[in-house]
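Shown next, in structure tokens, is the structure this report addresses.
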Amino acid sequence: MHAFDVLGDPVRRRILDLLADGERPAGSVVDVVAGEFGITQPAVSRHLRILREHGFATVRADGARRIYALERTGLDAADAQLERYRRLWPQRLDALHTEIARGARARRKDA
């Protein structure tokens, strides 16, 4: 699965948002996500598994609890895929700046 396929799902993005604040027990993730999206615990578990399998999250045992945390591998893969396009951004931002300045000059001239 492509990194953007993983990130394209709003449930998985919400889980990553939760994990960005620090480690969380699986039960806590389920409580928040199931409540917000109206999905079952097994559905949340499937999303957590997808995040683990694709390098976006890790899990560790803490007694009977499972503690989830962000994993950089998946995020780094998504960042690498964006790098191809990121080099175009400065050119486009420069062009936008030029158009804004041109519009400002035109408004001053008309005023």
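Given +1 on the Cβ of Lys and Arg, -1 on the Cβ of Asp and Glu, and no further charges, what dipole in debye does the range 42-111 carry about its Cα centre, rounded to the nearest 20?
So the dipole magnitude of the range 42-111 works out to roughly 260 debye.
Place +1 on the Cβ of every Lys and Arg and -1 on the Cβ of every Asp and Glu in the range 38-111, take the dipole about the Cα centre, and give the residue among Ile67, His97, Ala78 whose Cα lies farthest towards its positive end.
The residue sitting farthest along the positive end of the dipole is His97.
At 7 Å along the Cα-to-beta-carbon direction for both Asp110 and Ile67, put a label point, then send me their distance in nm to one decimal.
So the two model labels end up 6.1 nm from each other.
Could you identify which residue out of Thr98, Thr73, Thr58 has the top mean-square fluctuation in a GNM of the chain using Cα springs shorter than 10 Å?
Fluctuation is largest for Thr98.
By how many degrees, between 0 and 90 and to the nearest 10, does the Cα long axis of helix 72-86 differ from the longest principal axis of the chain?
That works out to roughly 20 degrees.
How long are the three semi-axes of the equivalent ellipsoid for the chain, computed from the Cα gyration tensor as the root of 5 times each eigenvalue, in whole Å, largest first?
Gyration-tensor ellipsoid for the chain: 42, 17, 12 Å.
Using a Gaussian network for the chain with springs between C-alpha atoms less than 10 Å apart, which of these wobbles most: Arg65, Arg87, Arg46?
Looking only at Arg65, Arg87, Arg46, the biggest GNM fluctuation is shown by Arg87.
Where only protein heavy atoms count, and the probe is 1.4 Å, what is the accessible area per residue for the range 1-110 in Å²?
67 Å²
The values are calculated or read from the model by the stated rules, or taken from the named source; none is laboratory data. Everything numeric in this text was worked out from a predicted model, so none of it was measured. Backbone-built Cβ (ideal geometry, glycine too); neighbour counts: all protein chains shown. Please note that ligands, DNA and RNA were not included when accessible areas were found on the heavy atoms of the full protein model with its side chains. Shrake-Rupley method; radii C 1.70, N 1.55, O 1.52, S 1.80 Å.
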